[in-house]
1. Scan region 306-320 residue by residue and report those that are open to solvent by less than 40 Å² (accessible area, probe 1.4 Å) and either part of a helix (DSSP H, G or I) or in contact with a Pro (Cβ under 8 Å, 6 or more places away or on another chain) (or both).
2. Take L288 and decide whether it is of a type in the set (A, V, I, L, M), more than 26 Å from the chain's Cα centre (by Cα), modelled with pLDDT under 90 and not in a helix (DSSP H, G or I).
3. In region 321-332, is there at least one residue being surrounded by 11 or more Cβ atoms within 10 Å (Cβ to Cβ) and modelled with pLDDT under 85?
4. Given the criteria in contact with a His (Cβ under 8 Å, 6 or more places away or on another chain) and either at pLDDT below 90 or outside any strand (DSSP E or B) (or both), does A688 qualify?
5. Restricting to region 612-633, give me the number of residues that are in a loop (DSSP other than H, G, I, E, B), open to solvent by less than 10 Å² (accessible area, probe 1.4 Å) and either at pLDDT 95 or above or farther than 22 Å from M693 by Cβ (or both).
6. Can you find even one residue in region 461-468 that is of a type outside the set (D, E, K, R) and at pLDDT 95 or above?
7. Say we look at region 506-515 and pick out the residues that are within 33 Å of the chain's Cα centre (by Cα) and part of a helix (DSSP H, G or I); which of these is nearest to N655 (Cα to Cα)?
8. Kindly provide the set of residues from region 519-554 that are of a type in the set (V, I, T) and in contact (Cβ under 8 Å) with a residue 40 or more places away in the chain, ordered by number.
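The values are calculated or read from the model by the stated rules, or taken from the named source; none is laboratory data. These numbers come from a predicted model, not from an experiment. Cβ placement follows ideal geometry from the backbone for every residue including glycine, while neighbour counts extend to all protein chains displayed. The protein model used for the area step is the full one, side chains on, heavy atoms only, and it has no ligands, DNA or RNA in it. Shrake-Rupley method; radii C 1.70, N 1.55, O 1.52, S 1.80 Å.
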Amino acid sequence: MARKADDLLADLDNLGVDEQPPPRSSTPSAPASKPAPVSSDDDLFGDLQAQLAARPSQQTSRPGTPRVASSTTSAATKTGYTPASSGPPSGRTSSEDRARRSVASIGGERRSGEGREFHRAVTPGQDEEPVQQEKAAAPIAQTSGGGGWWGSLTSAASAAVKQAETLAKEISGNEEAQRWADQVRSIGGKNLSNLQHLGSDITSRALPSFTSLIQHIAPPISAHERLQIHATHDVVGYPSLDPLIYGVFSRTMAQVEGGELMVIQRGSEQRSRGRTGSEVQGYRGGVLGTNSSGWSDGPWWRDEGLQRSLGVIEGLTEGTRLARVSAEAYAKEFFERSGGVEAAAKRASEVLSESNPVRSSDIFLAIQAIGYKEDSALFADSARGEDEKPAVAEPPADAEPLIAFAIYLHDPLHSLSFSSLSQPFPRRWADWLDASASDDNGLPDSIQEIIAAGGVDPREWVAEWMEEVLSLGVGLVAQSVDFSMATDIPWKQLKALSFDIYGTLIDWNGGMATSSRNTAVGPYLPKDNDVLLERLYFHTTPVEREFPTMKKSDINAEGLRRYAATLKLVADGKLTQQQVEDAAIKHGGTIASYPAFEDTIDAIQRLGTHFKLIPISNVDHESFNGTLSGPLNGCKFDAWYIAEDIGSYKPDLKNFHYLLDHVKSEFGAEKGELLHVAQSIFHDQEPAREVGMQSVWVDRYGIVEKWDRSAEDMQAEYKFKLRVQSLGELADIVEEVLW
C-alpha cells in the first residue's frame, strides 16, 4: 500500500529519535507551538480550505447583471483598435536592426519577451503547458461558485489546493520517493538532529496566510498604470453604481490590456484621505476593503428603511446639459486642489521611476436620470388617410412618461469628451422601485394586484432591466474611449511635434536601395532589399561615429566605398577604382531626390494646424534644402535642427538635448509639451526614451511583422506612447481628439 503524504511528513519529523533518549511518550502532549500531526491528505490542507471557506457575511457585489456577466468572457477577448497592435511575427529581422546588432560598439540584441509587463499574456508551448492548463481548468470549473471577484478568487485558490493534493498523492505513491525516504531514515550521525523539525516546518510553511495567497493568485493588473474614474450622480437609496461602472470599464480595458482601475465617488476623496493618508480610496473590483453592495445582492428594493430616488430632471435638453456641467465642474474642482490641469498634465508625462512609480489618469463620469414624454408621432399609423375617420371617436392617447440616463465622460487632460443617452424605460418602473410598503399609501396598486394574482413582484425583474440599461449606457461611452491611445498623451497640453524626416516623412529605405542600385556597383549588390540595406547600414553607421561632423552625403558615399571593398570588385577586376569612386559620389549625392511617402504632405499640413512642427534630421543643409524644395514642397516647418549644425548624428543624445534646449528657448515648450514622431527605433525611439521624451512610433516599414517581437513588448521596452503605421493615421487621431 502506498504511503500517505502525512506518513512521509511524520517520518521526517521522527528522524534521529532512536538516538535521542528518552523515548517519545505515547501520550499526545506536544507543546502548543508544535503543529498537530496530519491524519490524511485532506487534513493536510484543511487549514487553507477553512480560510477559503470563510465567506463574508454579506455577499460581495457582482460587477454586471446576470445577462451581461454571462458574456464577459467573450467581451474580454474581442479585438479592439489598439495603436500598438501587431500582426503575427514573420521571424524576419529588419535590415536596420540586423545591421545595428552587427556593429560591435552598438548595444546588444534584446530577446523576445524581455521587458514584458507581467500582466501581459504569454503564449504557452506546444507540449507541457497546454496540458497543465487543462488540468488546472477542470478543478476551477468544478469549484466555481458565486459571482464577482470573490467567487473567482475562491475558485482559483480552491483549484490550487486540489492540484497540491493531487501532487502529494502522486509523490506518496512514487517508488523513487519511498526509496529516498528510506535512505534518509537510515542515515546516522549528529546532523540528523538538524532534520528533526523538517516535517513540522514543511507543514507550517505549506499553509501560507490568506493575504499572501491572494497576492500570488490575484496580483494587481498593473503596477504602474492606473485609470481613476471619478463618478458623480444624484441617485439616492439605490445600490452603489461603483461595481457597475467598474465592471463595464474593466471589460473594455481588457481589450487593450489596460492597467489598474479604480472608481471614486464624488465627495469621497476628502473622507478617504482623512482615513488613510494621501492616497485616495475607491472601488477596485471587490478587493478586500473595497466591497460595495451591488444591484444583484438580494432584494434591495424591499428595504423599507431607505428613501430611494433616481434624481430625475425633466427635459432632455435640461438633463443632458446638467450631466455635462456636473462632469466638467467635478473635473475642475478636482484638479484645482493639485495645481490645475496643466500641472496634472506635466505629472502625467513624467517618466516612471522609483519616486514616480505609478502614472494615474483621471476621467470624470456623470450620470443623470432624465424624465420626458414619448413623442406621439413615433410609430404613427401611416396607412390611414387624413380624410378617413374611425366610426367611433378615439380618445387621444396620453404620451408615455419615460426615463433615460444621460451619461457624459470628460477627460480634460486629453481634451476628450464622450456622451450617451441610454435606452428609455417607463417611468412607472422607477415609481415601483422607489415605493415602500411602509409609505402612507403602501405599495402601488399595480404591484399589489400582480402579487395578489400569484405573480412575481415586478420590482424583481425591473431591477435587472434597469441595471442592464445603465450598463449598456455606460458601456457605449466606455467603448468610445481608446484607452491605449488616450491615457498617455496629453494632446491639449502639447505645443510642438518634433520629427525625423528621412524614414518618417521621406522613404529613406527605398531611396537608399534605388540610389545604390543605379550606380556601377548596382549589378553586384544583393537582389533582396532587406539584405542590401542591412549591409549598407553596417558600413555607414560606423562612419557616422568616426566622423560626426562629416556631411551625410559624404558618409553615404564612404559607406558604399567600404561595402564595395568587401565585395572585392576592384581586386577581382569587375570594376576599376575610379568606377567605384564615381558610384560612391553619385550615391551620396542623391539624398534630396528620395521620394516622400504619399500621405506625408497632407498629414503635415493637417498637423500644422494644431502644433509647431520641428524636424531634427541626420543630414546636411544641402540635402535637406533639396528635400524641402522637392519632395516636401508644400510642407511648412517652424524650425529645423540639422546634424551638420549639431556636430553629431542620432542616436547621440547630444542631438536630443540640443532639440530640447532650442525648443524651450525658441518656442517656450517644456519637455512634457513636446512629442517626438519618428520611424527609427535605433536613431530616435531609443534615445528619446533615454532623455525622457514622449514619442510616437511611425512603423512605416512593418517592423512589427518582421521582428521576432510583439508590439506590446516593444512599447514596454522603448516607452513610445503610440504606434501608428503612417502620418495620416496620426493626423486622423489628432483631429478626432482635438476637434
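1. G319
2. Considered against the rule, which asks whether it is of a type in the set (A, V, I, L, M), more than 26 Å from the chain's Cα centre (by Cα), modelled with pLDDT under 90 and not in a helix (DSSP H, G or I), L288 comes out as no.
3. For region 321-332, residues surrounded by 11 or more Cβ atoms within 10 Å (Cβ to Cβ) and modelled with pLDDT under 85: absent.
4. yes
5. Counting residues in region 612-633 that are in a loop (DSSP other than H, G, I, E, B), open to solvent by less than 10 Å² (accessible area, probe 1.4 Å) and either at pLDDT 95 or above or farther than 22 Å from M693 by Cβ (or both) gives 2.
6. No, every residue in region 461-468 fails to be of a type outside the set (D, E, K, R) and at pLDDT 95 or above.
7. The selected residue is W508.
8. T519, V521, V531, T541, T549
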